[in-house]
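Note sheet for the following structure.
The values are calculated or read from the model by the stated rules, or taken from the named source; none is laboratory data. Being a predicted model, the structure only gives us computed values, none of them experimental. Heads up, the Cβs are rebuilt from the backbone with ideal geometry, glycines too, and the neighbour counts pull from every protein chain shown. For accessibility, only protein heavy atoms count, side chains too; no ligands or nucleic acids. Shrake-Rupley method; radii C 1.70, N 1.55, O 1.52, S 1.80 Å.
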Amino acid sequence: MKEALQSLSPAELRTLAASLRSGRLCAPYSASTLGRYIAEPLAGPVSAHLQEMSDIGMQPAATAYSLDLLASARSDPSSIRNNIDLVLTGPLIPGAEHRDTSVVVSDLFRQAEETILVAGYAVYQGQKVFGALAERMVQRPTLNVRMFLDIQRKLGDTSSSAELVRRFAHRFQSEQWPTGGRLPEVFYDPRSLSPDRSERSALHAKCVVADCRDVFISSANFTEAAQERNVEVGILLHSTSVAENLSHFFGTLCSTGEFLRAL
């Protein structure tokens with residue numbers, strides 16, 4: 001029912017609020033009465049929601065105030081636009097916003113103060129991709145960096161899971177991480193290494209969370225091509241609540257043992 005109110009236009013919300021204040025609209029609320037003010041398909045759900053608000057003790061003035069608040073929020077999209085940036089990598093197109101994935105990711109790394117969370121499916125030429133992050137970790141020794149990366153068992157490889165993780169850790173340190181400085185904490189999903197192919201999973205998420213405040217979610221892997229040349233689309237979101245939820249999600253996967261540490 002709440003979705004019905006959110007589907008109303010700001011003008012419709014304000015009309016309902018004014019009618020409640022004037023007394024033209026009052027409980028009990030019916031679909032036929034609401035049909036005078038809003039589109040017929042929404043009249044039933046909206047009347048039911050208004051009646052629910054009345055039943056829990058909300059006076060018409062309070063309901064009207066709530067509708068006005070919702071109308072104001074719906075009328076001012078700037079609060080959303082100001083917190084979301086579109087990130088596009090690919091050929092330059094006239095008239096289209098263009099902001100390279102590599103620039104956004106590097107900026108998040110360079111500006112991090114306390115925490116960085118990285119989740120990625122494929123990493124290639126990581127010494128370049130993670131250069132800014134490694135430098136920042138040297139500059140800020142207290143910066144906590146956690147990576148959640150995919151480790152896969154190749155077709156026909158019967159090595160133990162422990163051996164596959166050992167090889168991955170060695171390759172990451174020697175080939176994917178910039179030389180010198182401290183290493184990040186690296187976690188993986190052990191299901192990806194199951195001998196039974198039907199039980200395997202893939203860590204396919206691609207995101208960066210900085211300081212539990214900024215979130216970058218993208219189609220791009222952590223490869224030089226994906227960061228700089230491929231056609232990729234991402235969203236940079238400035239939202240503490242979203243960042244905290246993502247951090248909690250991955251943190252819980254670690255604390256419950258669903259993800260294991262590789263490094």
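Below are the figures for this structure:
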item	result
Using alpha-carbon coordinates, inclination of helix 60-75 to the longest axis of the chain, degrees	50
The chain, accessible area per residue, ligands and nucleic acids excluded (1.4 Å, Å²)	53
Helix 101-111 axis, angle to the chain major axis (alpha carbon atoms, nearest 10°)	90
Listed residues 85, 150 arranged by accessible area, highest first, probe 1.4 Å	85, 150
Gain in span if fully extended, residue 72 to residue 163, counting 0.36 nm per residue against the direct Cα distance	26.9 nm
Among 232, 199, 244, residue whose mean-square fluctuation peaks in a GNM of the chain (springs only between Cα atoms under 10 Å)	199
Check: region 136-249 dipole with +1 on Lys, Arg Cβ and -1 on Asp, Glu Cβ, in debye	240
GNM result for the chain, Cα springs below 10 Å: residue of 206, 128, 154 fluctuating most strongly	154
Virtual spin-label span in nm between residue 7 and residue 26, 7 Å along Cα→Cβ	2.9
Heavy-atom SASA rank of 236, 155 (probe 1.4 Å, accessible area, largest first)	155, 236
The chain: calculated mean residue ellipticity at 222 nm from DSSP helix runs of at least 4, using -39500 (n - 2.57)	-12500 deg cm²/dmol
DSSP beta bridges in the chain [antiparallel fraction, %, rounded to 5]	65
Cα-centred dipole magnitude for region 125-198, charges only on beta-carbon of K, R (+1) and D, E (-1), debye, nearest 20	120
Where 26, 212 fall by accessible area, highest first, once all protein chains stay in place (1.4 Å)	26, 212
Candidates 205, 39, 243, ranked by Gaussian network fluctuation over the chain, Cα under 10 Å, top entry	39
Relative contact order [Cα under 8 Å, 6+ residues apart], the chain, whole percent	20
For the chain, the Rg and Dmax computed from alpha carbons only, in angstrom	25.3, 76
Over region 145-260, relative contact order from alpha-carbon pairs under 8 Å, at least 6 apart, %	24
Helix axis angle, 40-55 relative to the chain longest principal axis, alpha carbon, degrees	90
Cα→Cβ-extended label distance, 7 Å offset, between residue 183 and residue 201, nm	2.4
Net lengthening on full extension, residue 111/residue 142 (0.36 nm per residue, minus Cα-Cα)	9.8 nm
